Amino acid sequence: MVYSTLMNSENLKYCRVVVKIGSHLIVSGSDEFITSIAKQVKVLREHKCEIIIVSSGAIATGLKEYDVNSKPKTIIEKQCYAAVGQPLLMNKYIKAFQPYNITVAQILLTREDFDDRKRYVNIKNTLNKLLHMNVVPIINENDTVATEEIKLGDNDTLSAIVATKLDAELLVLLTDVDGIYDKDPAVYANAKIIREIQNLDEIERECRISTKSKFFCGTGGMKTKLAAAKICVHSGVDVVIANGMKNNILVDIVEGKTVGTKIYSVKKANRVTSRDKWIAFVSKPKGRIFVDSGAADAIIKKNKSLLPVGIRKTEGMFKKGDVVSVCTIDGKEIARGIVNYSSEEIEVIKKKKTEEIKKIFPQFSTEEVIHVDNLVILN
Ligand code: GLU
C-alpha cells in the first residue's frame, strides 16, 4: 500500500486514538484488511500517536471456522462461537503486526468491569502501562462469560467507554459504510454524506438515519454508533465514522483529513468530569427512584441534592453506594447518582421530612439520599 502523504508529527491532530473495527471488516476484509491496519498503526506510532483497538469479529470468525452461515440464536451458541473465534481473531492480529515488530495484547471486558470503580481503575492502569510498553491493546467484549445482565451488548458502546476512560482524543468507528447520510442512501438516490457534525443532538432530530450494517454478526448499525458518539462528544472525545476498506483511512483521519463523518465533541467548559462520566454513562443503574415534580425541579433547575421528602417510590433492590436512576413519576429518567441509602431504607424514609425521620431513626445523619456532588443530570 502506498501512502499518499508523507506524514510528519505536526500533521497529526490526535495523540491517543481508539479504533473500533466491525465484524464485517474482519471476515470479509480478510487478512489484507488487518495487514493494512497494522501498517497504518505502525506509521501512526512512529509519529507518537497511541492506538488502542477495539475489535469485534470473535463470533463471526468462529462461525466462519465452522462454515455456519446463519445467525446463532441462543446466547450459549454465541458464547461458544466467540470462544472458538476469539483466539483465531487474535492470531490474525498477531500475524499482521509481527512484520512490524509490534506486540499486541488481548483484553476481554464486560460491563461489570466498568461498574466496579476499583476494577475499572485497574483496567485503566493496565491499558496505560501497555501503551507505555509500546504494546497495541486489542479489546473485545468477553462474550464467553457475558450474560444479558452484564453485557455491554455492542462494541460501539464498549469503544466509546474505553475512549472516554482512557482520555483518548478521538474514537474512530471503522465500518463498511462511508459515514452518516442525511437520508437512507439505499432508498434515496440524492442522499448525501454528512461530513461534519457540530451538534449531534440537532442532527439526530433532523435526519432519518437508517443505515444499518449488513453483516448479521455486527450488533451495531448507525443507531449504536450514534449512541457511542453521544457518550464521546459529551466527554470531549471527537468521533469519526468511516469506511475501513478505504485506502490509508486511519492515517488520513488522524491527520484530520475530510473523510467519513466527523462528530465534534462539545467545548471544554461543558465537559463532564471523569466521575460524572462514570455515573452517567458507564455504570448500569441498579434501580430507580421516582420523585415528585418539586424534587425534579430542584434537581434539574436548582442543582440541589435529592432529599427523602421528594421521593415517591423505588424500584429494584440496591444498596448504599450503588448508582441509580432518578425518574419523574411518569418514568422519564432525569438524572443518575450514587445513593446514600439502600432501597429498603428509602422505602421507610420516603416522603418524610428530616425532622420526622430523625424521630424514627435517631442515628439518621445524612439528609441527602443522593448528594448533588454525586448526581449527574441527563438531557
Ligand atoms: N463481541 C462480538 C464479537 O466479537 C461483537 C459485538 C459487536 O458486533 O458489536 O463477535
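Bear in mind that the values in this text are calculations on the coordinates, not laboratory data. These numbers come from a predicted model, not from an experiment. Backbone-built Cβ (ideal geometry, glycine too); neighbour counts: all protein chains shown.
Would you list which aspartates and glutamates come within 15 Å of LYS73, measuring only between C-alpha atoms, while excluding same-chain residues fewer than 8 positions from it?
ASP143, GLU148
Using mean Cβ contacts within 10 Å as the protection proxy, how do 94-104, 302-312 order, highest first?
Top of the packing list down: 302-312, 94-104.
Sort 186-196, 154-164, 232-242 by the packing proxy (mean of other Cβ within 10 Å over each peptide's residues), most packed first.
Packing order, densest peptide first, comes out as 154-164, 232-242, 186-196.
Could you pull out every one of the aspartates and glutamates with an alpha carbon less than 16 Å from that of LYS124, ignoring same-chain neighbours closer than 8 positions?
Candidates past the 8-residue exclusion: GLU50, GLU112, ASP113, ASP115, ASP116, GLU141, ASP167, GLU169.
Per 0.36 nm of contour for each residue apart, how much would the distance between ASP67 and VAL372 grow if the chain were fully extended, relative to their Cα-Cα spacing?
Working it through step by step, the gained length comes to 104.4 nm.
Can you tell me, using C-alpha contacts under 8 Å and at least 6 residues apart, the relative contact order of the chain as a whole percent?
Values: 746 pairs, mean separation 56.0, N = 379.
Here the relative contact order equals 15 percent.
If I fit a long axis through the Cα atoms of helix 30-46 and take the longest principal axis of the Cα atoms of the chain, what angle between them do I get, 0 to 90°, rounded to 10?
The two axes meet at around 80 degrees.
Too long at a 26 Å Cα-Cα cut-off: which of LYS78/LYS320; LYS13/LYS64; LYS20/LYS284; LYS71/LYS262; LYS225/LYS301? Intermediate values should be presented prior to the final figure.
On the way: LYS78/LYS320 35 Å; LYS13/LYS64 38 Å; LYS20/LYS284 22 Å; LYS71/LYS262 32 Å; LYS225/LYS301 31 Å.
Table pairs above 26 Å Cα-Cα are LYS78/LYS320; LYS13/LYS64; LYS71/LYS262; LYS225/LYS301.
Below 8 Å between Cα atoms, with a sequence gap of 6+, how large is the relative contact order for the stretch 27-100 in percent?
42 percent
Given the peptides 128-135, 249-256, arrange them by the average over their residues of other C-beta atoms within 10 Å, most packed first.
249-256, 128-135
Might you report the magnitude of the Cβ-based charge dipole of the chain about its Cα centre, with Lys and Arg at +1 and Asp and Glu at -1, to the nearest 20 debye? Before the final figure, lay out each step's value.
Values: 57 positive and 47 negative charges, 104 e Å.
That gives the chain a dipole magnitude of about 500 debye.
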